[in-house]
Every structure is written in C-alpha cells, then in structure tokens.
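We did not get these values from a lab; they are worked out from the coordinates using the rules stated. Everything numeric here is computed off the predicted structure, so don't read it as measured data. Glycine gets a Cβ as well: all are built from the backbone with ideal geometry, and neighbour counts include every protein chain shown.
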Amino acid sequence: FLVLTITPAATVNAGSDQTICSTTASINLTGSFGGGATFSTWSTTGTGTFGDVANPVTTYAPSAADAALGSVTLRLTTSNPAGPCPAVNDAMVLTINPVPVVSAGADQTVCSTSNVSLTGTRSGGATSTTWTTSGTGSFANATALITTYTPGAADISAGTVTLTITSNEPAGPCNAVSDAMIVTINPAATANAGPDQSICATATATLAGSVGGGAASGSWSGG
C-alpha cells in the first residue's frame, strides 16, 4: 500500500498598509502565520527597529532615513516548514508623511501710516497656508506667502497686532501647524506750528507750536 502524506502549506499575513506622520515614534504590527509554518520573522527595507522580529504582533520604530525616504516595506516571512511546501512571505508598505513646517517671519515695528510686508515660508507636508489676524486689518492676499497687511483702526489704537500663518491640514495623519509674529504699530508723529501771525517789524513773535503722536520733541527751522 501507499501512504500519501499531505503537508499543509505555510500561510502568512503582514497586515494592512499604514500611513503615519514623521513625528510618530512607532507603529503596531499585527501579522499572523499558519499552515505548516512554525514561526515567522520580520524584515525591513529601511533602517528602523522592530520590538521583536520573531513576534508577528510587535512594533516598528521608523528611523530618520526611513522618514527621509517617505516609505518603507516591512516583510513577514515564515520558517521553511519540513516537507515539500516552501516558506512564504507577505509585505506591507509603511508610508511616512513629512510634518508641515511654517514660519511667519520676524516680529516687525511699523508706523501707523504704513502697511506690513509679510514674507512667510512653508515646507515639509504643507502645500498651502492662510494668514489670520488678531485685529481688524486686512491682507492683500491671505493665502499668499508673500503679501501685505494693512492695520485696522483697532490695531493702531491697540498698538500691536498678532499675525498668524497656518498650514492647511495636509492629506494624511499629520496635523496642521501655525506660527505667529507680532507687529508693533507706532503712532505717526504730528506737528502744529500754530496760526499765521502778522507783527510789526520791531516786535517779537511768540510761537506756540506743539507736537504729538509718536513725536517726543520738535525743533524750529526757517526764518
């Protein structure tokens, strides 16, 4: 008689693909194996580290190089079972989105009669940005990085206003970010020489001028 031994094929599942933000320290892996396989081992195309390469349910901490590449493939491979069935493997792709970065620029001091020149920047996962104000002024173009801001009456009265640039939340798991700058608004200087006068050639004119606004002192000229 003939004895036919049927060896079960090894099976393995690395789990679903995942997408994370570059600020994520580690991910959870929920792989599994079965059939003729008795153990499995994780491997990576990157340089990150596994909590336990021999455990299908473990963690993976991406490295800086993984984040720079933007994606890494994690593969779960079974042991080579005894008999005619070979080892098998399954892969999952870990996509790593760059965190958005924005800058509103340095704080500024302007005269109340001037506009504020803005030169914001963005990088990383940020593809668009929006300017907002804590005051009542207006932007020439609130969605442009390089634009201008015209202070409102309340801004001028308060003497300061905060302008904030915020990234629009990128697709994926990374959150929007923002950065603020403070604009100090100095009042415009004012001067008043007083009314015109007519005097005799032998008399002395009495001057009663005044300064105000941002002016602390004044000086006469001419004559």
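Note on region 38-144: the alpha carbon radius of gyration divided by the globular reference 2.2 N^0.38 Å gives 1.92. For a 4.7 Å threshold on C-beta separation, the list of partnerless cysteines in the chain reads 85, 111, 200.
Taking the DSSP bridge list for the chain and keeping only pairs wholly inside it, about 85 percent are antiparallel. The simple spin-label model puts a point 7 Å past each Cα toward its Cβ; for residue 153 and residue 71 those points are separated by 5.7 nm.
Just so you know, the Rg over Rh for region 100-172 is 1.01, from Cα atoms, with Rh as the Kirkwood radius. Across the chain, the convex hull enclosing all Cα atoms gives 146 Å³ per residue. Each residue, residue 19 and residue 80, gets one label point 7 Å from its Cα in the Cβ direction; the gap between the two is 3.9 nm.
The slack between residue 205 and residue 162, meaning 0.36 nm per residue of separation minus the straight C-alpha distance, is 10.7 nm.
Taking the convex hull of the alpha carbon positions in region 41-87 and averaging its projected area over all directions gives 3.6 nm².
Want the number for residue 134 to residue 216: 0.36 nm per residue separation, take away the alpha-carbon distance, what's left?
Working it through step by step, the gained length comes to 26.6 nm.
State to the nearest 20 debye the size of the charge dipole of the chain about its Cα centre, where the only charges are +1 on K and R beta carbons and -1 on D and E beta carbons. With Lys and Arg at +1 and Asp and Glu at -1, about 160 debye.
One equal scatterer on each Cα of region 167-223, no solvent, Debye formula: the resulting log10 I(q)/I(0) at q = 0.24 Å⁻¹ is -1.04.
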